[in-house]
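Student: Before I ask anything, let me first share the structure, which is written out below as structure tokens.
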Amino acid sequence: MGNWYRTGGGSAFWYSGHLQGFHSEVFRDAVRNQSIVYVSNNTLEPWLQKGLVRAVTAILSGGDPGPLAPPATDEVRKEERPSLAGTWLMSDGTTRTIDNSSGYLRLIQNDIGYRMVQVSAPRFTSRGSTS
């Protein structure tokens, strides 16, 4: 399916893309017979682009989407990044592999490499000060 991604069981598919200042998101859950599609300008933070799909999925399933809040982030200095390479045990018992052989970090999952980039929490200005 080209640039589409799918769950391991093949029951859900999604695509994310950017073109000329716009972000598009398509999500299809074949088991629940649900589809979510939207296009926005690129001012949406990446965490919110995926968060919107999760929130709408929760609503369509009769659940509470909860608050849409940015994930917590920690600064990782450039010289520390190679030390992150290796296999990591997740809280659900699965493992994730981080590779640094290309000179940058990649998350390897299901034989697909995803380039990892530093993400920082947004900074808000209030009364002339930055917090």
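Student: Along the charge dipole of the chain, which of 91, 105, 23 sits closest to the positive end, that is, farthest toward it, with unit charges on the beta carbon of Lys, Arg, Asp and Glu (+1, +1, -1, -1)?
Tutor: So the residue we want is 23.
Student: Quote to one decimal, in nm, the extra length available between residue 6 and residue 88 on full extension: 0.36 nm per residue of separation minus the C-alpha distance between them.
Tutor: Here the answer is 27.3 nm.
Student: While we're here: Can you give the helix-only mean residue ellipticity at 222 nm for the chain, where every DSSP H stretch with n ≥ 4 adds -39500 (n - 2.57) and the sum goes over all residues, rounded to the nearest 500 deg cm²/dmol?
Tutor: Helices in the chain give a 222 nm mean residue ellipticity of -3500 deg cm²/dmol.
Student: Next question. I'd like to check one number: the per residue accessible area of the range 35-90, probe 1.4 Å, reported in Å² as a whole number.
Tutor: Heavy-atom SASA per residue in the range 35-90 reads 73 Å².
Student: What's the carbon and sulfur percent of the chain's accessible surface, probe 1.4 angstrom, rounded to a whole number?
Tutor: 54
Student: Given the options 91, 24, 40, which has the most mean-square fluctuation in a GNM of the chain, springs set between C-alpha atoms less than 10 angstrom apart?
Tutor: 91
Student: Could you order peptides 80-87, 12-19 by the average number of other Cβ atoms within 10 Å of their residues, highest first?
Tutor: 12-19, 80-87
Student: Whose amide H sits under 5 Å from the amide H of residue 116, counting only residues 5 or more places off or on another chain, with H placed in the peptide plane?
Tutor: 105, 106, 107
Student: From the square roots a ≥ b ≥ c of the eigenvalues of the alpha-carbon gyration tensor of the chain, which class results: rounded (a/c under 1.5), prolate (a/b over b/c), or oblate?
Tutor: Cα axes put the chain in the oblate bin.
Student: Within the chain, which is the longest segment containing none of the trypsin sites (Lys or Arg not before Pro) that sit in a DSSP loop and have at most 10 other Cβ atoms within 10 Å?
Tutor: 1-76
Student: For the range 58-68, just list the computed ³J(HN,Hα) in residue order, Karplus coefficients 6.51, -1.76 and 1.60, θ = phi - 60°, integers in Hz, with x standing in for Gly and Pro.
Tutor: 4, 5, 5, 8, x, x, 9, x, x, x, 8
The values are calculated or read from the model by the stated rules, or taken from the named source; none is laboratory data. No experiment lies behind these values; they were computed from the predicted model shown. Here the Cβ is made from the backbone with ideal geometry for all residues, glycine too, and neighbour counts use every protein chain on show. Quick note on the areas: whole protein, heavy atoms, side chains included, nothing else; ligands and nucleic acids left out. Shrake-Rupley method; radii C 1.70, N 1.55, O 1.52, S 1.80 Å.
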